[in-house]
Amino acid sequence: MTEKFLNRQLALSLCFLLTVFLLFEVTDLDIRLQNLFFNFDTGSWLWPKKEPVLRAVFYSVPKLLLILFALLLILALLLPDSSSRLGKYNSGFFIVLTSLMLIPSVVGGLKATSNSACPAALSMYGGKLPYIKMLEPYPEGQAPAKAQKCFPAGHASGGFALLSLFFLFSSGRNRKLALGLALSVGWFTGGYKMVIGDHFLSHTLITMGLAWFLSCAIARLVYIFKRNLL
């Protein structure tokens, strides 16, 4: 893994984030897509949010599996002689574990400060709030009584944090499989939150871009530390 490669990925991920943000800020793509998931005749979303089986499959189980995976990584790193046993995978394990903890935390912090409402909370979908873009203020007298916390997408952040699995492997085949797994889990969970009215597409794309950038940034720092240590 070269510094040139990581620097390029950091630059590309930042360009991706900026492009996505500006694209959805100047277009109505979010609304056009979200309308496909909402039945205006019945006033309901494509999938009911409280349906227990769907919630378990797309929300509870993936979240639990990611937590268990992180705990297994912690255990592997804390066991005696972990450095010698893990060998060349030691740095990769640390990158993945750090990503699994940091990426959801960063996304959660942004959610807490963005004051962006979920689609289901908007008046056009049966809620009470007006639709505004990220850079727009709420109309006078229509600001929410409490902070809205729907941007970026939080649930998908754990899945997209698995993009860091790329740094666990050295072969191109395994790296492609790792990226495929991460994108599948991220969109599996993120797509569910879209069809139940919890997120717009832009929310999930931004989370994916953040995970891409942060996992590469973590890897860059780990490799710098490792190089200086040797």
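Some points to look at:
- Ratio of the Cα radius of gyration of segment 1-110 to 2.2 N^0.38 Å, where N counts its residues: 1.55
- Couplings 3J(HN,Hα) of segment 206-212, computed from phi: 5, 4, 4, x, 5, 5, 4 Hz, in residue order, whole Hz [Karplus 6.51 cos²θ - 1.76 cosθ + 1.60, θ = phi - 60°; x for Gly and Pro].
- Among 122-131, 51-60, the peptide with the highest mean count of other Cβ atoms within 10 Å heads the list, and the full ranking is 122-131, 51-60.
- From the alpha carbon centroid of segment 123-150 to that of segment 184-230 is 26 Å.
- Cut-off under 5 Å, modelled amide H: who pairs with LEU129 long-range: LEU122, SER123
- Sequentially through segment 135-141, phi angles give Karplus couplings (6.51, -1.76, 1.60; θ = phi - 60°) of 8, 9, x, 5, x, 4, x Hz, Gly and Pro residues having no value and appearing as x.
- Long-range amide H partners of SER44 with built H, under 5 Å: ASN39
- Overall form of segment 90-166 per C-alpha gyration tensor (a/c, 1.5; a/b vs b/c): prolate
- Given charges at beta-carbon only (K, R positive; D, E negative), |dipole| of the chain in Debye: 760
- Principal axis extents of the C-alpha atoms in the chain (largest first, rounded to whole Å): 61, 37, 33.
Each value in this text was obtained by applying a stated rule to the coordinates, not by laboratory testing. Because the structure is a prediction, the values reported are computed rather than measured. A quick note on method: Cβ atoms are made from the backbone with ideal geometry, for glycine too, and the neighbour counts reach across all protein chains shown.
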